[in-house]
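Down below is the structure, laid out as structure tokens.
Here, each number is a calculation from the coordinates, and none is a lab measurement. Remember, predicted model here, so these are calculated numbers, not experimental data. Note that each Cβ is placed from the backbone with ideal geometry, even for glycine, and that neighbours are counted across all protein chains shown.
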Amino acid sequence: MHKRPNSQIEQGWGISMKEHYDFTVIGTAATVTVLKTDEMPQQGKSTPVTGGNLQVWENGGMGFNICAGLSKLGMKVYPVLTYVDGRQEEFLHQFARMQNWPAEGIMDPPAGSAGTTLMIQDGNRNHMTLITEYARRMPDSDYFTPQKMEDSFFAKSDMVILTVSMAMNMRPALEAVKRHKVPLCFSMRRDPVALPDDLLKEIVEEAEIVFANEDETAYIREVFCVKKMDEIFEGRKLKHYVETLGSHGSRIYSRQKDGTIFETVADAVPPSTQGIETIGAGDGYVSGFMYGYKSGMNLRSCAGYGSSVASFVIEKEGSITNLPTWEQMIKRYLQSC
């Protein structure tokens with residue numbers, strides 16, 4: 001049974017906030033510029049840019065994308081977000097008001113702060129990511145003030161979704177989750193500064209659900225020195241490990257009551273048009289999957305919801321430009337079954 005979320009909102013955007021939240025989402029918002037090329041840059045060879053320019057950007061960032069996707073589906077979200085590009089301030093606060101998000105968890109950067117994410121996308125939709133002015137975010141920099149993880153960010157949420165945030169905020173976020181004993185979902189991204197191996201291990205030790213793509217999964221297996229995915233569950237709280245496979249769908253490893261690991265494979269939900277780009281698709285998948293998980297759906301449906309949201313994201317440029325309503329997500333998912 002695919003039930004509409006318990007929300008007073010009929011148009012899809014915005015939610016009626018009370019003193020309870022489905023998710024606290026920790027991460028960043030960012031300005032993102034996509035430069036399109038036929039092939040990835042190579043040393044000693046000029047690379048023509050066939051699409052995109054440095055004067056135009058989209059609003060994105062893992063934490064922000066997931067907040068937006070969950071809100072569009074009717075979930076009640078508490079955002080705990082930092083950002084570094086001052087150009088984003090007006091948009092971000094207006095967007096938060098439109099969603100009825102609590103403002104206390106959105107931390108503004110110092111006046112005049114800059115820094116954006118440049119993504120190079122080749123003809124096969126592979127990506128290379130460049131983050132400008134990253135030196136200011138390094139652990140030994142005092143340019144940004146660490147975000148205080150207030151008790152109010154966590155006390156009234158059913159679950160925390162942790163994405164890779166600014167380096168100085170990752171450990172405080174994890175400690176806050178432990179302190180409040182809130183179930184943790186972790187969305188992986190390789191970032192050796194914000195997520196060194198020792199901290200990655202601690203987060204996976206604490207997480208109930210982990211999301212990672214194929215490359216990230218290979219890296220996690222290397223860090224944990226495991227040959228089989230079953231081993232990643234041993235001695236840990238982990239209930240579900242979700243490996244996204246792009247156009248090939250997703251694979252979910254789950255711990256059963258008897259301790260055995262069961263594998264669920266789900267096909268991708270195709271977009272209605274040829275995909276424009278895949279940036280933000282993973283965040284859309286997390287949004288749809290976690291909506292299903294919070295709603296008590298089986299894992300195959302959760303994966304289908306995630307893939308359905310992702311299929312909308314890739315149809316237009318911009319990570320939140322084409323996020324679906326609950327009705328749109330469900331309709332496309334059912335059509336694909």
Self-check item: Taking the stretch 139-207 and dividing mean pair separation by its residue count, relative contact order in percent (alpha carbons under 8 Å, at least six apart)
Solution: 35
Quiz item: Of the listed peptides 191-201, 288-298, 304-314, what is their order by residue-averaged count of other C-beta atoms within 10 Å, with the highest listed first?
Solution: 304-314, 288-298, 191-201
Self-check item: Radius ratio Rg over Rh of the stretch 15-87, counting only Cα atoms, Kirkwood formula for Rh
Solution: 1.18
Quiz item: What is the log10 of I(q)/I(0) for the stretch 81-177, computed with the Debye formula using one identical point scatterer on each Cα and no solvent, at q = 0.11, 0.12, 0.23 Å⁻¹?
Solution: -0.41, -0.49, -1.32
Quiz item: Expressed as a rounded percentage, what relative contact order does the stretch 240-337 have, with Cα pairs under 8 Å and six or more residues apart?
Solution: 25
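In whole percent, what relative contact order does the chain give with Cα contacts below 8 Å and a gap of six or more residues? List each step's numbers first, then the result.
Details: 700 pairs, mean separation 55.5, N = 337.
Taking the mean separation of contacting Cα pairs over the length of the chain, I get 16 percent.
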Quiz item: How many angstrom separate the Cα center of the stretch 192-254 from the Cα center of the stretch 72-115?
Solution: 29
Quiz prompt | Formal net charge of residues neighbouring residue 164 (Cβ-Cβ distance under 10 Å; K, R +1; D, E -1) | solution = +1
Exercise. Restricting things to alpha carbons, find the Rg to Rh ratio for the stretch 295-337 using the Kirkwood radius for Rh.
Key: 0.98
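Percentage of Cα-Cα pair distances in the stretch 60-127 greater than 16 Å, rounded to whole percent?
Summing the P(r) tail past 16 Å for the stretch 60-127 gives 52 percent.
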Self-check item: Karplus-derived HN-Hα couplings along the stretch 136-141 (A = 6.51, B = -1.76, C = 1.60, θ = phi - 60°), whole Hz, x at Gly and Pro
Solution: 5, 9, 5, x, 8, 8
Quiz item: What is the magnitude of the charge dipole of the chain about its Cα centre, with +1 placed on the Cβ of each Lys and Arg, -1 on the Cβ of each Asp and Glu, and no other charges, expressed in debye to the nearest 20?
Solution: 860
Practice problem: Would you tally the net charge around residue 266, using a Cβ to Cβ cut-off of less than 12 Å, leaving residue 266 out, and scoring K and R as +1, D and E as -1? | Solution: -1
Practice problem: Report the longest stretch of the chain that contains none of the GluC sites (Glu not before Pro) sitting in a DSSP loop with at most 14 other Cβ atoms within 10 Å. | Solution: 235-337
Exercise. Anything over 29 Å Cα to Cα? Flag those among 76/239; 72/181; 72/156; 148/257; 178/316, in the order listed.
Key: 148/257; 178/316
Practice problem: Write down the Kirkwood hydrodynamic radius of the stretch 175-322, to one decimal in angstroms, obtained as one divided by the mean of 1/r over all alpha carbon pairs. | Solution: 15.9
Quiz prompt | Sorted by Cβ density within 10 Å, fewest first, the residues 129, 217 | solution = 129, 217
Practice problem: May I ask you to give the average projected area over all directions of the convex hull of the Cα atoms of the chain, in nm² rounded to one decimal? | Solution: 17.4
